[in-house]
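These notes are about the structure you will find just below.
The values are calculated or read from the model by the stated rules, or taken from the named source; none is laboratory data. Keep in mind that what you see is a predicted model, and the values were worked out from it rather than measured. In this analysis, Cβ positions are derived from the backbone assuming ideal geometry, glycine residues included, and neighbour counts consider all displayed protein chains.
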Amino acid sequence: MAMEQKVERQLFDEVMVPCYSPMQIIPVKGQGARVWDQNDREYIDFAGGIAVSCLGHCHPVMVEALKAQADKLWHLSNVMTNEPALRLAKKLTEHSFAERVFFANSGAEANEAALKLARRYAADRFSADKSEIIAFKQGFHGRTFFTVTVGGQAAYSDGFGPKPGDVTHLPYNDLATLADHISDRTCAIMMEPLQGEGGIISPTPEFIQGVRELCDKHNALLIFDEVQTGNGRTGEFYAYQGLGVTPDILSTAKSLGGGFPIGAMLTTAELATHLKIGTHGSTYGGNPLACAVAEAVVDEVSKPEVLAGVKEREQWFREGIATINAKYPIFAEVRGKGLLLGAALNDEWQGRARDVLLAAGEEGLMVLVAGTNVVRFTPSLVISKEDVDLGLARLEAAIAKLYNA
Ligand SMILES: *Cc1c(COP(=O)(O)O)cnc(C)c1O
């Protein structure tokens with residue numbers, strides 16, 4: 001047999017659309033919270049594929065579910081339903097407020113469904129004029145043209161011609177501005193119940209309560225984008241469960257499949273009636289392989305000991321980062337909840353989050369950034385104490401080098 005040709009990073013520049021700028025290393029294998037590259041160099045993974053690999057890499061329950069389903073049935077289309085999709089939908093309704101589920105393949109697609117449902121509901125129930133979507137600056141909702149337009153960074157949606165209309169962006173955590181602006185023309189508010197990409201910003205209790213009240217007052221729907229916060233990430237199965245505020249529509253993806261592409265929109269029975277036959281759909285949505293893996297992930301992540309373990313691990317991270325910061329003060333604060341954490345750089349270190357990411361990589365540690373001033377941690381929800389300690393030691397080594405440079 002011919003030797004498999006080694007593929008190198010340079011090939012990316014030759015054959016891939018250049019909308020990403022991947023690191024030089026190419027990982028080839030992962031197990032738990034560790035990853036190995038082509039040269040067999042080991043990394044501790046505090047990134048988790050951007051809050052996706054919630055059970056780490058190749059967790060046995062996911063591998064088992066995927067292999068079992070791979071021998072049974074891969075795909076049907078939505079002309080028929082299938083057992084994994086029905087079982088997963090049932091479980092999602094049991095673990096949330098939702099009574100109805102629509103399956104998609106990504107976070108953006110789940111949000112697209114949420115926005116279309118909100119628009120259709122407002123048109124059916126009230127009037128065609130009730131179409132305003134309010135969203136928040138720095139929010140992120142995906143890259144389809146509707147969702148990227150609703151996202152709060154114009155840089156991502158500019159330059160593609162006319163945008164979907166009637167979308168308003170207001171500052172997050174500013175209830176007075178929202179109260180001034182919202183009206184009976186508002187169709188829905190879409191928000192993250194903890195902004196991820198925007199820099200790990202938690203909502204204040206007054207803001208999140210106030211948003212719900214204003215929605216109720218103006219017959220606007222509240223859509224929580226839980227693509228990043230969902231499936232155990234904050235220590236609740238969904239983040240809203242820790243906030244005392246329930247949305248009308250919730251989108252979920254990322255950790256839902258633990259690394260297998262899947263997204264879902266969750267809603268109530270009443271709202272769901274407005275997506276009648278033929279109004280929306282997806283070829284792959286509800287795919288048996290994806291749903292079988294997600295079912296295994298949901299079973300595992302929803303265990304009380306796993307959710308409690310997320311809160312315990314949050315403390316390991318907060319204490320570890322505080323210890324490093326006492327020696328090499330580069331951070332002003334650690335923000336976020338559960339294992340969606342952001343260490344914000346202090347005044348002297350503004351703009352250098354990517355330097356920390358690159359220095360960590362040199363030491364054998366994968367971390368993320370959220371903007372230019374926040375180092376983000378979204379590791380496996382079941383990462384071991386040993387791996388957290390080893391990763392933090394590597395983070396300390398990376399920061400020491402930067403600090404002493
Ligand atoms: C990642 C993310 C999305 C987009 O998900 P994709 O699967 O990349 O489409 C949407 N909303 C939030 C909050 C996210 O973090």
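When residues in region 180-213 are screened for being touching a residue at least 60 places away in the same chain (Cβ under 8 Å), in a strand (DSSP E or B) and away from the ligand (no atom under 13 Å from the Cβ), 2 of them pass. Whether any residue in region 9-27 is assigned by TED's automatic domain parsing to the domain that holds GLY338 and touching a residue at least 40 places away in the same chain (Cβ under 8 Å) is what I want to check. Scanning region 9-27 turns up at least one residue that is assigned by TED's automatic domain parsing to the domain that holds GLY338 and touching a residue at least 40 places away in the same chain (Cβ under 8 Å).
Residue count for region 143-159 under the criterion of being crowded, with 23+ Cβ neighbours inside 10 Å and closer than 14 Å to GLY107 by Cα: the result is 3. Taking the criterion of being over 17 Å from PHE146 (Cα atoms) and either out of contact with any helix residue (DSSP H, G or I) (no Cβ under 7 Å at 6 or more places or on another chain) or surrounded by fewer than 18 Cβ atoms within 10 Å (Cβ to Cβ) (or both), the residues of region 176-190 that qualify are ALA176, THR177, ALA179, ASP180, HIS181, SER183, ASP184, ARG185.
Only residues that are out of contact with any Pro (no Cβ under 8 Å at 6 or more places or on another chain) and within 11 Å of the ligand (Cβ to nearest atom) were counted across region 226-252, and they come to 6. When ALA98 is tested against (1) surrounded by fewer than 23 Cβ atoms within 10 Å (Cβ to Cβ); (2) touching a Ser or Thr at 6+ places or on another chain (Cβ under 8 Å), just one condition goes unmet, and that condition is (1). Residues that are surrounded by 14 or more Cβ atoms within 10 Å (Cβ to Cβ) and either closer than 17 Å to ALA398 by Cα or among the hydroxyl-bearing types (Ser, Thr, Tyr) (or both) within region 306-322 comprise PHE317, GLY320, ILE321, listed in sequence order. Scanning region 251-265 for residues that are crowded, with 24+ Cβ neighbours inside 10 Å, under 17 Å from CYS54 (Cβ atoms) and not small (Gly, Ala, Ser) gives THR252, LYS254, LEU256, ILE262. Taking region 130-161 as the range and being within 10 Å of the ligand (Cβ to nearest atom), assigned to a helix (DSSP H, G or I) and of a type in the set (Ser, Thr, Tyr) as the test, only THR147 passes.
When you go through VAL369, VAL375 one by one, which is the residue that is hydrophobic (A, V, I, L, M, F, W, C) and buried (at least 24 other Cβ atoms within 10 Å of the Cβ)?
On the way: VAL369 fails: buried (at least 24 other Cβ atoms within 10 Å of the Cβ).
The unique qualifying residue is VAL375.
Checking each residue in region 333-343 for being within 14 Å of THR372 (Cβ to Cβ) and either at pLDDT below 95 or surrounded by fewer than 22 Cβ atoms within 10 Å (Cβ to Cβ) (or both) picks out no residue at all.
Applying the criterion of being of a type in the set (Ser, Thr, Tyr) and out of contact with any Lys or Arg (no Cβ under 7 Å at 6 or more places or on another chain) to the residues of region 115-134, the residue that is surrounded by the most Cβ atoms within 10 Å (Cβ to Cβ) is TYR121.
Listed by position, the helices (runs of 4 or more DSSP H) contained in region 228-329 that have at least 2 residues being polar (S, T, N, Q) are 304-327.
Is it the case, given these coordinates, that ASN219 is part of a loop (DSSP other than H, G, I, E, B), within 15 Å of the ligand (Cβ to nearest atom), touching a residue at least 60 places away in the same chain (Cβ under 8 Å) and on the phi > 0 side of the Ramachandran plot?
On the way: part of a loop (DSSP other than H, G, I, E, B): yes; within 15 Å of the ligand (Cβ to nearest atom): no; touching a residue at least 60 places away in the same chain (Cβ under 8 Å): yes; on the phi > 0 side of the Ramachandran plot: yes.
So ASN219 fails the test.
Going by what's in this entry, would LYS116 be described as of a type in the set (D, E, K, R) and either within 16 Å of the ligand (Cβ to nearest atom) or in contact with a Phe, Trp or Tyr (Cβ under 9 Å, 6 or more places away or on another chain) (or both)? In short, yes. Screening region 84-113 for residues that are among the charged types (D, E, K, R), in contact (Cβ under 8 Å) with a residue 40 or more places away in the chain and outside any loop (DSSP other than H, G, I, E, B) and picking the one that is nearest to the ligand (Cβ to nearest atom) gives GLU109.
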